[in-house]
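Below is one structure, written out as structure tokens; comments come after it.
The values are calculated or read from the model by the stated rules, or taken from the named source; none is laboratory data. Since we're looking at a predicted model, the values are computed, not measured. Here Cβ is always computed from backbone atoms with ideal geometry, including for glycine, and neighbour counts include all displayed protein chains.
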Amino acid sequence: MNKVICGIAMSLDGFVTGPNMSEQKPFGDLPEDFLRQGIPGAPEGLLHRWMFDEPEKHKAEIAELSSVAGAYIMGRDMYGPKGQTYDETWKGWWGDNPPFHAPVYVLTHKPREPIQMEGGTTFIFITDGIQSALRLAQKASDNKPVAISGGANVVNQYLAAGLIDELWLHIVPATIGKGQRLFDGVPSLHMEPISCSGTKLVTHIKYRVIHK
């Protein structure tokens, strides 16, 4: 069966977004010293600054996040903001050519027809839970890994169900204090470190999740 991976950026206190996510603030309200200005289209905040300030130092990690998987799964909030914009016209945060270039299964409570984008990305909306989304993603991934993209609630559901094989954490040296937090509601896990690297902006730790 296809390996299931999750690569996600987080603060030292475990948050992957701040509170009050919106169309204008896809990562929510973050402390002022997190704001990253001057890069068109870049996500706000120190959580992802390493991708843009030091791309040469993080080539392997960026490549893994964007190309290793054959299919992706994400939550409704990671796909887009709540409200009429999403219901009628929203096609994701990433523009006409999203970085996935593969099927993306979006967990949602509201049915919606699949949306084909440029570059091979198709957003497919799943209303019957994480197990169904994973079965479809594994079937579509052509023997490549399936990536659980986020947000924290969806990652936590897959961790709690024992369905993630490797967890790739990109940890920035700052705290947020509130927002969406990784590991909330997840039973105790046993993880084995695979690799560790980093710079002053981020520490990359790759873990294998040990399933009993």
(request) Filter the stretch 45-64 for residues that are within 16 Å of the chain's Cα centre (by Cα) and without any contact (Cβ under 8 Å) to a residue 60 or more places away in the chain and give the result. (result) G45, H48, M51, I62, A63
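Among what's in the stretch 1-26 and is farther than 23 Å from E61 by Cβ and among the hydrophobic types (A, V, I, L, M, F, W, C), pick the residue that is surrounded by the most Cβ atoms within 10 Å (Cβ to Cβ).
Applying the filter and picking the extreme gives M21.
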(request) Using the structure shown, decide if A161 is small (G, A, S) and more than 24 Å from W93 (Cα to Cα). (result) yes
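How about the stretch 175-197: which of its residues are surrounded by fewer than 18 Cβ atoms within 10 Å (Cβ to Cβ) and either among the acidic types (D, E) or touching a helix residue (DSSP H, G or I) at 6+ places or on another chain (Cβ under 9 Å) (or both)?
Of everything in the stretch 175-197, those that are surrounded by fewer than 18 Cβ atoms within 10 Å (Cβ to Cβ) and either among the acidic types (D, E) or touching a helix residue (DSSP H, G or I) at 6+ places or on another chain (Cβ under 9 Å) (or both) turn out to be F183, D184, G185, V186, P187, L189, E192, S197.
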(request) Could you pull out every one of the strands (runs of 3 or more DSSP E) wholly within the stretch 111-212 that has 2 or more residues that are over 16 Å from the mean Cα position of the chain (by Cα)? (result) 122-126, 190-198, 203-210
(request) Name, by its number, the condition in (1) assigned to a loop (DSSP other than H, G, I, E, B); (2) surrounded by fewer than 18 Cβ atoms within 10 Å (Cβ to Cβ); (3) over 13 Å from the mean Cα position of the chain (by Cα) that does not hold for P98. (result) (2)
(message) Suppose we filter A69, A60, A42 for residues that are modelled with pLDDT of 80 or more and either surrounded by 17 or more Cβ atoms within 10 Å (Cβ to Cβ) or within 25 Å of G179 (Cα to Cα) (or both); which single one remains?
(response) A69
(message) With the structure loaded, tell me whether I148 is crowded, with 18+ Cβ neighbours inside 10 Å, in contact with a Cys (Cβ under 7 Å, 6 or more places away or on another chain) and either aliphatic (A, V, I, L, M) or closer than 23 Å to W90 by Cβ (or both) or whether it fails that test.
(response) yes
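May I ask you to say which residue of L201, L159 is aliphatic (A, V, I, L, M), closer than 23 Å to A60 by Cα and surrounded by 16 or more Cβ atoms within 10 Å (Cβ to Cβ)?
Working: L159 fails: closer than 23 Å to A60 by Cα.
L201 is the lone residue from the list that is aliphatic (A, V, I, L, M), closer than 23 Å to A60 by Cα and surrounded by 16 or more Cβ atoms within 10 Å (Cβ to Cβ).
In a loop (DSSP other than H, G, I, E, B), closer than 27 Å to A174 by Cα, among the aliphatic types (A, V, I, L, M) and modelled with pLDDT of 80 or more: does that describe L30?
In short, no.
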(message) Suppose we filter the stretch 115-149 for residues that are touching a residue at least 40 places away in the same chain (Cβ under 8 Å) and charged (D, E, K, R); how many remain?
(response) 2
